[in-house]
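**Student:** This is the structure I want to talk about, given as structure tokens.
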Amino acid sequence: MAFEDLLNDPVIQKYLHELVGPTGMPVAAAPPDGEVTDEELAEQLDLELNAVRRALFILYENDLASYRRVRDEDSGWLTYLWTFHYENIPENLESEMYRLLDALENREEYEEINEFYLCDVCSIRFEFGEAMDFGFQCPECGSPLESMDNSMLVDAMQSRIDELRDELNVDVTG
């Protein structure tokens, strides 16, 4: 995928937005070619320096930017020259998908092996043991706790798990 295509992809735009937030998005959405200082970016994008530095650090933490330090011989000041590495985005997204798949599989298992009770008034959900401890009455309002059918939730999770496994080409044998 070409660099320009990466930045125009709505999934990648959403990923970058989730990482750096709305304040850092101008930094993430328009990475310059080659090296650039945080001061130059702040000036070019008309942003506060701290917002630019925050976005750069988040991109750095996610292997999407790197820096090299250069010390000014006269003043002794350090200058950070930043380079963007958006070629790592597809790999990062795939890792996120694996994390999501793992979390969904764990949550689905939790939903399947537990029995839940719900307070219709407060919308608080309790596991069977908790409900039993409270005498099947809501500790907040005293209403009776009703057995909850979570099969639609489990079905929705299973459907999403199947989609992710398909997309990641994960085999379920074992």
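Throughout, read-outs are computed from the coordinates displayed, never taken from laboratory work. The model shown is predicted, which means the values in this text are computed figures rather than measured ones. Cβ placement follows ideal geometry from the backbone for every residue including glycine, while neighbour counts extend to all protein chains displayed.
**Student:** Working only within the stretch 68-92, note down all residues that are surrounded by 14 or more Cβ atoms within 10 Å (Cβ to Cβ) and part of a strand (DSSP E or B).
**Tutor:** T79, Y80, L81, W82, T83, F84
**Student:** When both residues are 6+ apart or on different chains and their Cβ atoms are under 6 Å apart, which pairs have a first residue that lies in the stretch 131-153 and is in contact (Cβ under 8 Å) with a residue 24 or more places away in the chain, and a second that is of a type in the set (A, V, I, L, M)?
**Tutor:** Taking only residues 6 or more apart or on different chains, the pairs are S143/V121; L145/A131; E146/L118; M148/L118.
**Student:** Which one of these is free of Cβ contacts under 8 Å to residues at least 40 places away in the same chain, more than 30 Å from A156 (Cα to Cα), touching an Asp or Glu at 6+ places or on another chain (Cβ under 8 Å) and not hydroxyl-bearing (S, T, Y): A42, A30?
**Tutor:** Working: A30 fails: touching an Asp or Glu at 6+ places or on another chain (Cβ under 8 Å).
Going through A42, A30 in turn, the sole match is A42.
**Student:** If you don't mind, there's one more thing I want to ask. Within the stretch 8-23, which residues are surrounded by 14 or more Cβ atoms within 10 Å (Cβ to Cβ) and over 15 Å from the mean Cα position of the chain (by Cα)? Give the steps one after another, and end with the answer.
**Tutor:** Quick first cut of the stretch 8-23, residues surrounded by 14 or more Cβ atoms within 10 Å (Cβ to Cβ) only: 9, 12-13, 15-17, 19-21, 23.
Those that are surrounded by 14 or more Cβ atoms within 10 Å (Cβ to Cβ) and over 15 Å from the mean Cα position of the chain (by Cα): D9, T23.
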